[in-house]
Each structure stands twice: as structure tokens, then as C-alpha cells.
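The block underneath contains the structure these notes are about, expressed in C-alpha cells.
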Amino acid sequence: MRPEPGQVLHFSEDPSITRFVPHRAATARQPDEYVWAVDADRAPDYWFPRQCPRAMAWTTPESSDEDRDRIIGPGCGDRGHAVEYGWLERMRTVELYAYRFDAAAFRPFGDDGVAVVATEPVRPLGPADRVGDLFALHEEAGIALRVLPRLWPFWDEVVRSSLGWSGIRLRNALPRPAR
């Protein structure tokens, strides 16, 4: 589930939205109101239930083969995601949808261009598309998907590595183990 050329996607568990109005999320670090979306490269970051904590890593031109093999896994491609066991059932059963938008209504957000935002209300190009089997999406995209008791040991290795990385909804992860 990726956008077509000239499109961006917004993922939601609500298939009935007909108009997206900019808003400020309760957890936002910025004061402005936006409608958020992603391009084809970052769409896999959202192949999860909305509240699911996940850690993601991918190779960059600066990444070492050692880090790729240690963190993503030997022979596992150039991208890996990790979730906690407690989210497996929700990943199997979630009804996730993707809304397609004309990319022209959005602009890059931040220096890294990870997301794109609209500052005016936008309407999807059509009804929401059902995303389908999240495990199959990962497999078809060649993304290694790890299931772990806790995300923190994996996350700590990822952020110290030469790989690119992102964490979403980490506040929902199980607490760090006591030391």
C-alpha cells in the first residue's frame, strides 16, 4: 500500500472521513495545525495499528554492512521493523485504511522531509482503500519484521548504529526493564 506518483497517503482506522481539517495533535511538538501524510518511501512506517509502538531501521549510504546484518539481519534486505508481542493480535485484526491525496496540496515538513503537511482542509481523491494484511505487506516489500518482548533493547541498538531510524508511538511501548 503505497501512493501512486503525484499522491501522498494518510493512514487511519476510520474509513469514513471525507474532509481532513488541519489540527494540532495532543502530542505535537509544534504549535501549528496540519493534515499529515507520507510519500511512498515512508508509507511502510504506518503499516501498523495507529497506537502500536514500533521501531524502524533502514540502510543509508553511510550504513555499515555490519550494522545492517546485526540489526536488520543477514539476508533480510535493507529495512527492518520491530514491534512487541503484545501487539500481534491487533496487527492481525486491525482494519487499517489509506486515504490518497494529491501531493500538490502538501509540502515537506522539517529538514528531513519524512512527512508532508497541508495547512488548509483537503479532500481525499476517493474513498479510503482498505490496507489489508499488514504482515503480507511487510513480506511483499521485503521488510524484515521482528517481534520482541520489549522494543527498548532493539531501539537502543538502532539509535547507536549507522542505520537510518525512526520510532513511532514509543510512549506506548512496555516500560524499559529495570537495571
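Per-structure values
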{"read-out": "Some residue of region 101-124 being surrounded by 17 or more Cβ atoms within 10 Å (Cβ to Cβ), touching a strand residue (DSSP E or B) at 6+ places or on another chain (Cβ under 8 Å), within 15 Å of Trp47 (Cβ to Cβ) and of a type in the set (A, V, I, L, M)", "value": "no"}
{"read-out": "Strands (runs of 3 or more DSSP E) within region 29-147 that include 1 or more residues over 22 Å from Glu4 (Cβ atoms), touching an Asp or Glu at 6+ places or on another chain (Cβ under 9 Å) and not charged (D, E, K, R)", "value": "54-58, 79-84"}
{"read-out": "Of all residues in region 59-82 being buried (at least 18 other Cβ atoms within 10 Å of the Cβ) and out of contact with any Lys or Arg (no Cβ under 8 Å at 6 or more places or on another chain), the one that is farthest from Leu145 (Cα to Cα)", "value": "Ser63"}
{"read-out": "Residue within region 22-34 that is at pLDDT below 95, touching a strand residue (DSSP E or B) at 6+ places or on another chain (Cβ under 7 Å) and surrounded by 18 or more Cβ atoms within 10 Å (Cβ to Cβ) present", "value": "yes"}
{"read-out": "So Val131, is it of a type in the set (Val, Ile, Thr), farther than 18 Å from Tyr46 by Cα, surrounded by 13 or more Cβ atoms within 10 Å (Cβ to Cβ) and touching a residue at least 24 places away in the same chain (Cβ under 8 Å)", "value": "no"}
{"read-out": "Number of positions in region 32-59 that are of a type in the set (Ser, Thr, Tyr) and under 18 Å from Val8 (Cβ atoms)", "value": "2"}
{"read-out": "Neighbours by Cβ (under 6 Å, 6+ apart or cross-chain): first from region 52-75, under 18 Å from Asp156 (Cβ atoms) and touching a residue at least 40 places away in the same chain (Cβ under 8 Å); second assigned to a strand (DSSP E or B) and among the charged types (D, E, K, R)", "value": "Trp58/Arg79"}
{"read-out": "Residues located in region 1-20, provided they are in a loop (DSSP other than H, G, I, E, B) and either charged (D, E, K, R) or more than 23 Å from Glu139 (Cα to Cα) (or both)", "value": "Arg2, Glu4, Gly6, Glu13, Asp14, Pro15, Ser16, Ile17, Thr18, Arg19"}
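Results for (1) of a type outside the set (A, V, I, L, M); (2) modelled with pLDDT of 95 or more; (3) closer than 22 Å to Val38 by Cβ, shown as yes or no for each residue.
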{"residue": "Asp67", "(1), (2), (3)": "yes, yes, no"}
{"residue": "Pro74", "(1), (2), (3)": "yes, no, no"}
{"residue": "Ala82", "(1), (2), (3)": "no, yes, yes"}
{"residue": "Arg92", "(1), (2), (3)": "yes, yes, no"}
{"residue": "Asp111", "(1), (2), (3)": "yes, no, yes"}
{"residue": "Arg130", "(1), (2), (3)": "yes, yes, yes"}
{"residue": "Ala136", "(1), (2), (3)": "no, yes, yes"}
{"residue": "Arg160", "(1), (2), (3)": "yes, yes, no"}
{"residue": "Arg176", "(1), (2), (3)": "yes, no, no"}
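The values are calculated or read from the model by the stated rules, or taken from the named source; none is laboratory data. This structure is a prediction, so every number in the text was calculated from the model and none was measured. Ideal geometry is used to build each Cβ from the backbone, glycine not excepted, and the neighbour counts take in all protein chains shown.
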